[in-house]
Amino acid sequence: SQQGEEDPQALSIQEGENATMNCSYKTSINNLQWYRQNSGRGLVHLILIRSNEREKHSGRLRVTLDTSKKSSSLLITASRAADTASYFCATVALDSSYKLIFGSGTRLLVRP
Amino acid sequence: EAGVAQSPRYKIIEKRQSVAFWCNPISGHATLYWYQQILGQGPKLLIQFQNNGVVDDSQLPKDRFSAERLKGVDSTLKIQPAKLEDSAVYLCASSATSGSHEQFFGPGTRLTVL
């Protein structure tokens, strides 16, 4: 079963614009991760935010986490055509299994 | 550092046939995962190994799927017999035992069952 649900399912923006994707999940978590998947490079880890963190930055990526609402957002600033991909949030539960449960993903298209 | 290797990259079979996928994780990574990703969905964990022991196989359809990780390194995932609904990309991932939650994924095997 899928833990997270991403919103929107698909997003189309112009190069240079910002892209925001949201993720909601159901159970208490240890951490939440964002992954990117495209045909060229497969599934790649982008960023991890722990349950006691509220915001994290990595380059053009900004992730927020609201554990009270069980939601997270991924912001990509100054988007590039190369950012075109599917983006998935994945949660790790509070137990020690390190098991990732993925959401259904947001398909991002960045138009040149 | 070499990444996670998988083979074959593509496989087409007819229903009721059998198929096997191979994965070689990143050197030194004790934890290995197999995921199934159906078109338009996120990956779903099938089985997780810690060294050569199974940690979680709760979502593995054991009547037709099997997996092994001999010697705690390479792993194979087998489907016998395949059904139409098994058409998907099968992803292998590995992670270190240092407590890192980051998983490194291979390129996947795209299976088409006709």
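Only the coordinates and a few stated rules stand behind these numbers; no lab work does. Given the structure is predicted, the values throughout are model-derived calculations rather than measurements. Please note: Cβ atoms are built from the backbone with ideal geometry, for glycine as well, and neighbour counts cover all protein chains shown.
A few points about this structure:
- A dipole drawn for the range A:5-111 from +1 and -1 charges on Cβ atoms has a positive end, and of A:L48, A:G105, A:C89 the residue lying farthest that way is A:L48.
- Our summary of shape: the Cα atoms of the protein assembly as shown have principal axis extents of 47, 37, 34 Å, ordered from largest down, in whole angstrom.
- For the range A:28-71, the convex hull spanned by the alpha carbon atoms encloses 79 Å³ per residue.
- For B:T31, the residues whose amide H sits under 5 Å from its own are B:N51, B:S95, ignoring neighbours fewer than 5 places away on the same chain, with H placed 1.01 Å from N.
- Net dipole in debye of chain A [+1 Lys, Arg Cβ; -1 Asp, Glu Cβ; about Cα centre; nearest 20]: 160 debye
- Whole-number percent relative contact order across chain A, with pairs defined as alpha carbons under 8 Å at least 6 apart: 39 percent
- Phi angles across the range A:19-34 convert, under the Karplus curve 6.51 cos²θ - 1.76 cosθ + 1.60 with θ = phi - 60°, into 3J(HN,Hα) values of 10, 10, 10, 10, 9, 10, 9, 10, 10, 5, 10, 8, 7, 10, 10, 10 Hz, Gly and Pro given as x.
- In this calculation the C-beta distance from A:N38 to A:E17 is compared with R0 = 25 Å, giving a FRET efficiency of 0.85.
- When the charge dipole of the range B:5-102 is built from unit charges on Cβ atoms (+1 for Lys and Arg, -1 for Asp and Glu) and taken about the Cα centre, the candidate among B:I26, B:S66, B:Q80 whose Cα reaches farthest toward its positive end is B:Q80.
- Theoretical FRET efficiency, 1/(1+(r/R0)^6), r = Cβ-Cβ of B:L84 and B:R9, R0 30 Å, to 0.05: 0.90
- Cα→Cβ-extended label distance, 7 Å offset, between B:V73 and B:S27, nm: 1.0 nm
- Taking only the alpha carbons of chain B, we obtain Rg and Dmax values of 13.3, 42 Å in that order.
- Under 5 Å from the amide H of A:I47 lie the amide H atoms of A:W34, each residue being 5 or more positions distant or on a separate chain, with H modelled from the backbone and absent for Pro and chain starts.
- Only lysines eight or more places from A:K70 in sequence, or on another chain, were considered; those with a Cα closer than 22 Å are A:K26, A:K56, A:K99, B:K44.
- DSSP-assigned coil residues among trypsin sites (Lys or Arg not before Pro) in the range A:66-95, each with at most 11 further Cβ atoms within 10 Å: A:K69
- The orientation-averaged projected area of the convex hull spanned by the Cα atoms of the range A:1-86 comes to 5.8 nm².
- Fully extending the segment from A:K56 to A:K26, taken as 0.36 nm per residue of separation minus the present Cα-Cα distance, adds 8.7 nm.
- Average Cα contact separation per residue, chain B, under 8 Å, 6 or more apart, as relative contact order %: 37 percent
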